[in-house]
Amino acid sequence: MDVNFPHIPLSLTENVLENVMQKTPFGFSLVNEHYVFEFANNVWLDIVQKTREEVLGKCMFDIFPETEDQLLSIFEDVKKNKQPFYAPEHCVKLHRDGVLQDVFFNFVYQPIYSENGDLQYFATVVIEVTDLVGIRSKIREEEERLRLATESSHTATWDLNLKNSEIIHSTYLSKIFGYKEDDAISHQQLRNHLVEYDRVNIVEKAYERALKTGKYKYEARIIDKQGNLKWIFTNGKIFRDEENQPNRMLGVMQDITERKTNEILLQESHHQLNTALDATKLGRFDMDYETQHKYNFSPRFLSILGYDSDTEKLDCKVFENHIHPKYVKVRNDALKQAKDTGDLYYQTKIILRDGNVKWVEIYGRLLESFEGSKPYISGTMRDITDLKEFERKIRESEQKYRFLADAIPQIVWIGESDGRLTYFNQATMDYSGKDYNTFLEGNGWIDIVHPDERIENTRLWMKSVKNKTPFSFEHRFRNKNEEYRWFLSRAAPQLDEFGNVTKWVGTSTDIDDMKKQDEHKNNFIKIANHELKTPVTTIKGYVQLLKKMRGGSDDKFLVNSLNTIENQINKLNHLMGELLDISRIESGKLPLHKGDFSLLKLVTETIEDIKAADQSHHINFELSDAKDIEVFADKDRITQVLNNLLTNAIKYSPNAKEVNVKLYVDGNCAVVSVEDFGIGMDELELTKIFDRFYRVSGEDEVTFPGFGIGLFIVKDIVDRHEGKIWVESEKQKGSKFYFALPLLEN
Ligand code: ADP
């Protein structure tokens, strides 16, 4: 308030003063140099709530003693400086309505001098602004409330002076930028936090726009003081001065990192979804749930139907026009069901414009209405022509193989990777007299296996399934006349490229007649053996007797003849033993008599026995492990194994002098190796030598007599001890046979 009083001439009469001063809207009073009131207008009296009588002629500080402290010094200053004193919004404590109150005044104390320059009066012009101050503090409260509101809604406020770039901002803005709440950040500092790309491409462009439109709005990225990437949203307004120059910008700012991150995630997942959809080669469409009209076809949808989405405009019935007449009902039924269940699914043939026929699969789901839209089905279409064709081919080939499998008299079956049998051919049903389902349910097939072989059958089958190794087993199956016949079942695993079993394909061949013949043969061998034993033992006894009697004779011919007879009788004995063994193996009656014994002792004794009968080779024995090795096995049979390997080593290395034997422990096995430097074998031969009656070369029969059953028996013995036998050999260099037996577990 600019109040300037003219110099008041002393000649002014009290009346004039009274009239003028009474009319002013200000409070007005005059005190003389002794602070005694000489004049007070009504407004003034109202402000101080006194009557004229109470004040006139009284000293100011008697009436308002509470003001003395504040005013006395002010008046003294005014006197001294001869300058008026302005006190805007000056708080004076006054008793009002019986209460001491803060009353706010705008004061002007104007000294009035007499013509000779002496101070005559203090004029006090006063206007009460208590209400104004109240409003001001209310505004401040409002501002505070606004500040709180903006901060609690995570909105920062800022006020930028465009002339000098000074910025005033709320504390929350400091927080957004990673500063402490009471840090004041300059405009330049704030700009430095913007991601450079966004500053150039977003913020500066937004400012240019704001200069034109007055509105300043953007979303951009900042790196806050801690180095975190954040998204901010700013909304502001430009204000202009009288010359229409932009001078101020006001606005709010929000941290929208979370929303933006979600938005980006959503965008990414949309993108991924689209890519995935594209990869699935699915066509997309939407369908009005009520009218069942389709719309929003994706380009792929149209290309499946043979249309070009860029050039051809299509109506909502485009798909329906192509449905093969035979499938119209299928489609109508599916639509009816979709109305009930919300799920749409059907496969149909479609005829294209060029007459070609395709198979498609339609799949859709009802989406609830939202925001006033109608419920609709969002669906996909897949071209399944190739699939159908493939299915048809598979069906055909399956039918063909089923027919073939059913046509052959042999039993054919298929097992899953876990060993469950899931297919049996017609011959199975014909043989057993059972129906197909009886075979598939539970362990239906084991029911026709003879009870004596069931446990072993299951054990071997599970072993093959577990180890993915071929299965082979002889067992009896019961036929529809309740008779059992012998079958040889074999199965091989079908492996995929990762070595996993996809299927087992098995056959069971009726070997009953063969088996019976074998039985006859085995019986014959047993009887022959038995019958031969007596004459052979008798001959052997006589030869030994003769040797005792004539062994020291000078008749060389006689001695040699006796030795030859004894040797041949021993060989004959050995062969008879082997023949008997093989017949026992075949009828599954080769018994094992297991016990604990020292393998070291067995090896040394066997070597000694061989040495006694044959001095053609030197047998070296090496024990790698100083300890004795104990095994639990059939001692006689293991002796037979080693004997056989040693005899072979000597027999098949006629030009060599050495045979090496080793005994050692490998893991939890005891291993014996027999090495010779003889004729050796090639790879093909190696694969067959453990087969029954196999002999490497027929031509050498004379050179190397034998039946070809020794190794077959050896392998059977080792196998039945849960052991292993193998061989390394090179033609003309020699062979090295190994057998391993499990060690006694401590
Ligand atoms: P055989 O009575 O013929 O010796 P085996 O079953 O003991 O019968 O051996 C089968 C075949 O394996 C033999 O005919 C022979 O060709 C070959 N064979 C066995 N041991 C050796 C070896 N140490 N060196 C070379 N060939 C061998």
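Here, each number is a calculation from the coordinates, and none is a lab measurement. Small disclaimer: the values here were computed from a predicted structure and weren't measured. For neighbour counting, all protein chains shown are included, and Cβ atoms are generated from backbone atoms with ideal geometry for every residue, glycine included.
Once the Cα atoms of the stretch 385-498 are picked out, what are the Rg and Dmax in Å?
Just the Cα atoms of the stretch 385-498 yield Rg and Dmax of 15.7, 53 Å.
Give me the base-10 log of I(q)/I(0) for the stretch 27-135 at each q in 0.10, 0.14 Å⁻¹, Debye formula, one uniform scatterer per Cα, rounded to two decimals.
With no solvent term, the Cα-only Debye profile gives -0.27, -0.53.
What shape does the stretch 577-657 take by its C-alpha gyration tensor, where a ≥ b ≥ c are the square roots of the eigenvalues and a/c under 1.5 counts as rounded, a/b above b/c as prolate, and the rest as oblate?
Verdict is oblate for the stretch 577-657.
Can you tell me what percent of all Cα-Cα pairs in the stretch 228-296 are more than 21 Å apart?
Taking all Cα-Cα pairs of the stretch 228-296, the fraction more than 21 Å apart is 63 percent.
Hey, what's the Kirkwood Rh for the stretch 514-566 if you take every pair of different alpha carbons, in angstrom?
Result for the stretch 514-566, one decimal place: 13.2 Å.
Kindly state, to the nearest 0.05, the FRET efficiency for Leu545 paired with Thr509, given R0 = 51 Å and r defined as their beta-carbon distance.
0.45
If all Cα-Cα distances of the stretch 56-95 are sorted into 5 Å bins from 0 onward, what percent lands in each bin, rounded to whole numbers?
That works out to 6, 21, 24, 25, 20, 4, 0, in percent per bin.
If I fit a long axis through the Cα atoms of helix 599-613 and take the longest principal axis of the Cα atoms of the chain, what angle between them do I get, 0 to 90°, rounded to 10?
30 degrees
Can you give the extra length, in nm with one decimal, that the chain gains between Glu68 and Tyr207 once fully stretched, where that is 0.36 nm per residue apart less the Cα-Cα distance?
Working it through step by step, the gained length comes to 44.3 nm.
Measuring from label point to label point, each 7 Å out along Cα→Cβ, what is the Leu266 to Asn296 span in nm?
1.5 nm
Where Lys and Arg each count +1 and Asp and Glu each count -1, what net charge lies around Lys733 among other residues with Cβ under 12 Å from its Cβ?
Values: positive: Lys731, Lys736; negative: Glu675, Asp676, Asp682, Glu728, Glu730.
Net local charge, Lys733 excluded: -3.
Choose one of Pro299, Val665, Asn522: the residue whose Cα lies farthest towards the positive end of the charge dipole of the chain (beta-carbon charges +1 Lys, Arg; -1 Asp, Glu; about the Cα centre).
It is Asn522, whose Cα lies furthest towards the positive end.
With 10 angstrom as the radius, rank Thr155, Thr639 by how many other C-beta atoms surround their C-beta, starting from the fewest.
Thr639, Thr155
Taking a quarter of the surface of the convex hull around the Cα atoms of the stretch 588-727, what do you get in nm²?
Across all orientations, the stretch 588-727 yields a mean hull projection of 9.0 nm².
Can you give the three extents of the C-alpha atoms in the stretch 25-81 along their principal axes, from longest to shortest, in whole Å?
30, 24, 17
Counting every Cα pair in the stretch 573-624, what percent are over 14 Å apart?
Working: 929 of 1326 pairs.
Roughly 70 percent, once rounded to a whole number.
Which values, in whole Å and largest first, are the semi-axes of the equivalent ellipsoid of the stretch 470-539 obtained as the square root of 5 times each eigenvalue of the Cα gyration tensor?
Details: eigenvalues 319, 75, 8 Å².
Largest first, the stretch 470-539 gives 40, 19, 6 Å.
Could you check the simple spin-label distance between Arg420 and Asp719, using points 7 Å along Cα→Cβ, in nm with one decimal?
3.1 nm
Taking all pairs of distinct Cα atoms, average 1/r, flip it, and tell me the Kirkwood hydrodynamic radius of the stretch 376-445 in Å to one decimal place.
One decimal place: 14.7 Å for the Kirkwood radius.
For the stretch 176-298, state the semi-axes of the equivalent ellipsoid (square roots of 5 times the eigenvalues of the alpha-carbon gyration tensor), sorted largest first and rounded to whole angstrom.
They are 41, 22, 12 Å, listed from largest to smallest.
To make sure I understand, if each residue's beta carbon is the centre and we count other beta carbons within 10 Å, what order do Glu497, Glu441 fall in, fewest to most?
The fewest-first ordering by Cβ neighbours comes to Glu497, Glu441.
Mind jotting down the three principal axis lengths of the stretch 84-242 based on Cα atoms? Whole angstrom, largest first.
If we take the Cα atoms of the stretch 84-242, the spans are 76, 40, 28 Å.
How far is helix 328-341 tilted, in degrees, relative to the longest principal axis of the Cα atoms in the chain, given as a value from 0 to 90 rounded to the nearest 10?
It works out to around 60 degrees.
Going through the stretch 299-380, which GluC sites (Glu not before Pro) have at most 15 other Cβ atoms within 10 Å and a DSSP loop state?
Details: sites: Glu312, Glu320, Glu361, Glu368, Glu371; in loops: Glu312, Glu368, Glu371.
Taking the stretch 299-380 and a limit of 15 other Cβ atoms within 10 Å, the loop GluC sites (Glu not before Pro) found are Glu312, Glu368, Glu371.
Which FRET efficiency value, to the nearest 0.05, is calculated for Ile135 and Met462 with the Förster distance at 60 angstrom and r the Cβ-Cβ distance? Numbers along the way, then the final one.
Numbers: r = 96 Å, r/R0 = 1.60.
FRET efficiency, Ile135 to Met462: 0.05.
Return the calculated 222 nm mean residue ellipticity for the chain, to the nearest 500 deg cm²/dmol, obtained by summing -39500 (n - 2.57) across DSSP H runs with n ≥ 4 and dividing by the residue count.
Roughly -13000 deg cm²/dmol at 222 nm, from the helical runs in the chain.
At a Cα cut-off below 14 Å, give the aspartates and glutamates reachable from Lys533, other chains included and same-chain residues fewer than 8 away excluded.
Glu578
Counting each pair of different Cα atoms once, what's the Kirkwood radius of the stretch 270-393 in Å, rounded to one decimal?
15.1 Å
Please identify the GluC sites (Glu not before Pro) of the stretch 216-276 that satisfy two criteria: DSSP loop assignment and at most 10 other Cβ atoms within 10 Å. Which are they?
Glu242, Glu243
Could you tell me what % of all Cα pairs in the chain have separations over 49 Å? Please report the intermediate quantities before stating the final value.
On the way: 176867 of 277885 pairs.
For the chain, the fraction of Cα-Cα distances above 49 Å is 64 percent.
According to a simple spin-label model (label point 7 Å from Cα along Cα-to-Cβ), what is the distance in nm between Leu404 and Lys80?
For Lys80 paired with Leu404, the spin-label model returns 12.7 nm.
Once you have a ≥ b ≥ c as the square roots of the Cα gyration tensor eigenvalues for the stretch 432-498, tell me rounded if a/c is under 1.5, and otherwise prolate or oblate according to whether a/b is larger than b/c.
Prolate, because a/c is 1.5 or more and a/b exceeds b/c.
Quick check on the stretch 496-536: take the gyration tensor over C-alpha atoms, sort the square-rooted eigenvalues as a ≥ b ≥ c, and tell me if it's rounded (a/c under 1.5), prolate or oblate.
On the way: a/c = 10.98, a/b = 2.99, b/c = 3.67.
Cα axes put the stretch 496-536 in the oblate bin.
Could you list Leu575, Leu190, Leu162 so that the one with the fewest beta carbons within 10 Å of its beta carbon is first and the one with the most is last?
Ordered by Cβ neighbours within 10 Å, fewest first: Leu575, Leu162, Leu190.
With a cap of 13 neighbouring Cβ atoms within 10 Å, and only residues DSSP puts in a loop, list the GluC sites (Glu not before Pro) found in the stretch 106-215.
Those that pass, being in a loop and sparsely packed, are Glu115, Glu166, Glu181.
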